[in-house]
Amino acid sequence: MAPAERCPVCRQTFFCGRGHVYSRKHQRQLKVALERLLPQVEAARKAVRAAQVERYVPEHERCCWCLCCGCEVRKHLSHGNLTVLHGGLLEHLASPEHKKATNRFWWENKAEFQMKEKFLISPQDYARFKKSMVKSLDSYEEREDEVIKEMAAQIREVEHSRQEVVRSVLEPQTVPDPEEGSSAPGSWKGTNSQVASTSQQPSYVDLPPAPELDWMETGQPLTFIGHHQDTPGIGNIHSGATPPWMVQDEDCSSGNQQIGPSYEEFLKEKEKQKLKKLPPDRVGANFDHNSSTGAGWLPSFGRVWNNGRRWQSRHQFKTEAAARNKQQSHKKKS
């Protein structure tokens, strides 16, 4: 009897010696395993003439299983923040260790000889891949430089607009005339034109300040044209009047107006809420406590004055309630 041997392709132990590799089951399992690896190898072969360089992402750390060597191989080649697609697999397929392992695997498993060249990369192809990888890296750096320049131009434009806004806010503006006190659009245009004209004229810092004129002095032979707004609350905020949001209303100033319901109304509403939680068929639910009654009044609910035990009254009450409910349901149906 032949010694037991384990087939790594079929993943089972057999006792037929070397004859197992010629069986249909082994050849079928071998073909399925090679076809599983073949699409990844073909994708790597396409990258020999045109290498692709991308920005590094965690997905580029994927590995693939090399059936010939029996180990995991990194699919892509990453360095820093750059990744060369299929670079790791091409480097492995072009290595002499992989070539030796492939020859041994083909000999031990009796695979098709025509398929062996598909799983090998010649040194010439790998050198061509290196040249294309250098070109792709240069073109990628050029694209990155263009993107950085565009971003820098956008940043400069945003910064320039921000500085323009700050400069327009910090420019000295003319103080509006308190006698005019108007906020019409025409006054804004006049203010802007005055600011523009003053910004163009040279500033004389060394000039002495102009003397202030006392309009209330009687000795001045000047005529005042206009009117003084001395009474508060009349006019606008430019003439010294009280702003409307600071003027107290007559109702608030009196202090006698009460906001919301009174305390008695609150107690009544609270009592109503308590009564709503009680059963509606309780004794005395519909009794009006405010009604006037005579000296001979007697209650007519709950069978208080009936003779006999309490359970008899209770059973009688339940019987009448059932009959009443039956009549109501019959009326609804009719």
(message) Can you give me the % of accessible surface on the range 1-154 that is carbon or sulfur? Probe 1.4 Å, all protein chains present, nothing else counted.
(response) 53
(request) Can you sort Glu59, Glu269 by 1.4 Å-probe accessible area, starting with the largest? (result) Glu59, Glu269
(request) Could you pull out every residue, at least 5 positions away or on a different chain, whose amide H is within less than 5 Å of the one on Thr242? Hs are placed 1.01 Å off N in the peptide plane, and Pro or chain starts have none. (result) Gly233, Ile234
(message) Not counting ligands, DNA or RNA, and with a 1.4 Å probe, what is Met151's accessible surface area in Å² rounded to the nearest 10?
(response) 110
(request) Can you tell me how much longer the chain between Arg18 and Gln114 gets when fully stretched, taken as 0.36 nm per residue apart minus their C-alpha distance, in nm with one decimal? (result) 32.4 nm
(message) Suppose all protein chains stay in the model; what accessible area per residue would a 1.4 Å probe give for the range 53-154, in Å²?
(response) 64
(message) Per residue of the range 151-162, what does 6.51 cos²θ - 1.76 cosθ + 1.60 with θ = phi - 60° give for ³J(HN,Hα)? Whole Hz please, x for Gly and Pro, Karplus curve as stated.
(response) 5, 5, 5, 5, 5, 5, 5, 5, 5, 5, 5, 5
(request) Round to the nearest 10 and report in Å² the accessible area of Lys31, as given by a 1.4 Å probe over the protein chains' heavy atoms. (result) 120
(message) I'd like the accessible area for His92: 1.4 Å probe, protein heavy atoms, all chains in place, Å² to the nearest 10.
(response) 40
(request) In debye, nearest 20, what is the charge dipole magnitude of the range 1-148 about its Cα centre with +1 on Lys and Arg Cβ and -1 on Asp and Glu Cβ, if you could check? (result) 1060
(message) Which entries of Lys31/Lys118; Lys46/Lys135; Lys75/Lys135; Lys99/Lys135 have Cα-Cα distances beyond 18 Å here?
(response) Lys75/Lys135; Lys99/Lys135
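The values are calculated or read from the model by the stated rules, or taken from the named source; none is laboratory data. On a predicted model such as this, the values are computed, not experimentally measured, just so you know. Note: ideal-geometry Cβ built from the backbone for every residue, glycine included; neighbour counts use all protein chains shown. Note: areas computed on protein heavy atoms with side chains; ligands, DNA, RNA excluded. Shrake-Rupley method; radii C 1.70, N 1.55, O 1.52, S 1.80 Å.
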